[in-house]
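Take a look at the structure set out below.
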Amino acid sequence: DELTGQTQFGTTANMVVVARWEPINEDDPAWIFTPSFFDNVVLVAPDVLTDLIADAATNPVSEVAWFLDFDGRDVRTADVGGVLTRIDTGLRQAENVLPGIRQDVSPAEGLTAFNQEVNALTGQLFIIIMPVAGLVMYFVSMVSGQLVGRQGLDDVKLRSRGMSRGDLLRIHLLMWLTLVLVSLAVGLLVSPFVVRLVGRTAAFLRFDGTSSVQTITFTRTALMIGGSTGLIAASSGLFLAWRTTRQNINSYRQQIGTAQAAWWQRGYVDLLILIPAVYVYYSLGQQGGLTTAADEPFADPLTFIGPTLLSLGLVLVFLRMFPFLLRLGANLLAFTPNIALLMALREIVRSVGRYRGTLLMVAFTLSLVGYTASMAGTIDRSLQDAIDYRIGADIVLVTASEAETEVADDGTLTISGYNPPPVQELYGIDGVYDVARVGTYSGFLVIGTQTIDGTIMGVDRGAMAAVTRYREDFADLPIADMFNQLAGSRTGILLSQVTAGQYNIAVGQSVTMHITALGEQFELRVPVSGYVDYFPTLDPTDGFFLITNIDPIFELVGTSLPYDVWLALEADADRDAVTNAVEALNFPIIEWQNPAVELSAAQAEPARRGVLGFLSIGFAAAIVL
């Protein structure tokens, strides 16, 4: 439309409507002005505005509002704390200059929430990477012991020939600083590749997802952590060198020939580690298992800490018993002619300290690798199962139903019925295997003198077994047999096993079902045809739930009620083609629910991607070590 307007300065403007504006959410607290403010505002280009107020010299503009947009693209995670501090400081300074000034729009709330999420994610990733980091540090200490041990005799000789201990330690210090600098340089080259790999993690050991990493920046914090890690790793070698350089040739040879228990054996660290591990399992047993959601498996750190500590504790206990077992085996072999195996066992017993570190690392690595692989596979599968249960089918169409209305004498508008969309047209779409109507309605059961609120699900019995994503442990019977139980009675119901057990309801018993629709209560006496523990989209802990045929519900109410449409697709179906075909039918759809889309979005969550990415990298690192 073309409009003609006149400004307060008398300027006439010819305007063309190019768009219509309305807020997405009028209650959004980010609004500086109420959305209705824009009902009387015309948006124009800057040069047009200049022309409209050309005679402002005689009619000066009395009020001007402006915005200043701050570009936050260069703000990194490590900068958020400083930004929040400066926001608070700036606000206090503004209040001192202009008392009563208020802040309407600020990133502070969002940045604070972001900081909390980052801190939680950092803690989760630290828990995940800690066992692998411990393995790496232990590996470094083993290599350090070999390097220092190989050089130990030369150090003792130099010390005996007059070189001071300080000069020897200076040599070792320079050597280890060189190794740290070289390692840090290699780490700076390799770490971007590892970060991008984690950013593409779709599942355990699967790096085919869409990358979530745009740019990689080496922050001061990251460099400090890398340098500190290198120095900590080098400290084991420096400590061993410090011990070696204070010895002479005689004491050095005596130390080599003396075998002693490891420090963790002398301090009973193995038994101390088992105490918190057993306590974790006791706590999980008391609370009935893990309570974290499938998409947040590490919200509770006990998920990972408990089994890791148990594995380490059991490995250390085994190493404490290992020499005894070898001696027992050697004593038994003494009565056999197998001289080679007897000599091998006696050699290991005599030099068990030489092999202890390797045994510890190999045993704990294999334990950790097996647990990590099992856990990651469980996490992937549980997420898939959770999404399948939440949606229920290959594709779910949340449909819009046309309401039939009546006007009362006093002008009140009431809904008397619905005209849901016909589903017959969907059968002809290529790739659609079967279609089922699924309606979920509120209601209650009357059992004796008790009333139980819950959910009534009406389904197409014949198609439901082929449509829904079902799991064998949802009921005692296979899904086809379960729905065949409804064939004997059109009004039969499949009742929640929890409700049936709680109220002693037997198969064949009749109960009174009330369904709430159109603002009224409709009553029907129905027989219990069978039980079901779980069914997609239904929560057995939220009152009762029951499943029955959908058409008797419509007959009871006297009109069709709104329902969703569940689609089962053929194995080789093109989902995009099915979507386009449904849209071409102008099928009234409010929302598409697709497990594949939900799974992809869940796999792209930073917490999950980081956890599984670090698990995958740690798994590979443990195997390499």
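The table that follows gives values for the structure above.
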{"read-out": "Expected-Rg normalisation [2.2 N^0.38 Å, Cα atoms] applied to the stretch 80-151", "value": "2.11"}
{"read-out": "Surface per residue (accessible, 1.4 Å probe) for the stretch 104-202, Å²", "value": "59 Å²"}
{"read-out": "Area projected by the alpha carbon convex hull of the chain, averaged over all directions, nm²", "value": "50.5 nm²"}
{"read-out": "Debye log10 I(q)/I(0) for the stretch 108-262, one point scatterer per Cα, at q = 0.10 Å⁻¹", "value": "-0.55"}
{"read-out": "Environment charge at LEU585 (Cβ cut-off 14 Å; Lys +1, Arg +1, Asp -1, Glu -1)", "value": "-3"}
{"read-out": "Residue-span extension gain [MET343 to ARG266] - 0.36 nm each, minus C-alpha spacing", "value": "24.9 nm"}
{"read-out": "Inter-label distance for ASP409 and VAL369, nm, one decimal - labels placed 7 Å from Cα along Cα-to-Cβ", "value": "8.5 nm"}
{"read-out": "Computed E for ALA78/THR178 - FRET, C-beta separation, R0 35 angstrom, nearest 0.05", "value": "0.75"}
{"read-out": "Reference-scaled alpha-carbon Rg (2.2 N^0.38 Å with N residues) for the stretch 507-625", "value": "1.65"}
{"read-out": "GLU95-LEU284 pseudo-label distance in nm [points 7 Å out on the Cα-to-Cβ vector]", "value": "4.8 nm"}
{"read-out": "Accessible heavy-atom area order of ARG76, ARG608, ARG525, ARG196, highest first, probe of 1.4 Å", "value": "ARG525, ARG196, ARG76, ARG608"}
{"read-out": "Computed E for LEU625/SER416 - FRET, C-beta separation, R0 60 angstrom, nearest 0.05", "value": "0.25"}
{"read-out": "Per-pair calculated FRET efficiency, R0 = 51 Å: ILE232 and ARG350 via Cβ, rounded to 0.05", "value": "0.95"}
{"read-out": "DSSP bridge pairs, the chain: antiparallel proportion in percent, nearest 5", "value": "85 percent"}
{"read-out": "Summed side-chain charge close to PHE38 - residues other than PHE38 whose Cβ falls under 13 Å, Lys, Arg +1, Asp, Glu -1", "value": "-2"}
{"read-out": "Label-point separation in nm, GLU555 to SER191, each point 7 Å along Cα→Cβ", "value": "7.1 nm"}
{"read-out": "Top positive-direction residue, dipole computed over the chain with Cβ charges, set LEU585, SER36, PHE545", "value": "PHE545"}
{"read-out": "Taking the C-alpha atoms of the stretch 292-436, convex hull volume expressed per residue in Å³", "value": "232 Å³"}
{"read-out": "Within the stretch 549-625, GluC sites (Glu not before Pro) in DSSP loop having at most 16 other beta-carbon neighbours inside 10 Å", "value": "GLU570"}
{"read-out": "Within the accessible area of the stretch 338-452 (1.4 Å probe), percent carbon and sulfur", "value": "56 percent"}
{"read-out": "Stretch gain in nm, segment THR336-ASP39, where the contour uses 0.36 nm per residue and the Cα spacing is subtracted", "value": "96.9 nm"}
{"read-out": "Difference of contour (0.36 nm per residue) and Cα-Cα distance, VAL317 to ALA506", "value": "62.8 nm"}
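The values are calculated or read from the model by the stated rules, or taken from the named source; none is laboratory data. For clarity, every value in this text was computed on a predicted model and none was experimentally measured. Note that each Cβ is placed from the backbone with ideal geometry, even for glycine, and that neighbours are counted across all protein chains shown. Quick note on the areas: whole protein, heavy atoms, side chains included, nothing else; ligands and nucleic acids left out. Shrake-Rupley method; radii C 1.70, N 1.55, O 1.52, S 1.80 Å.
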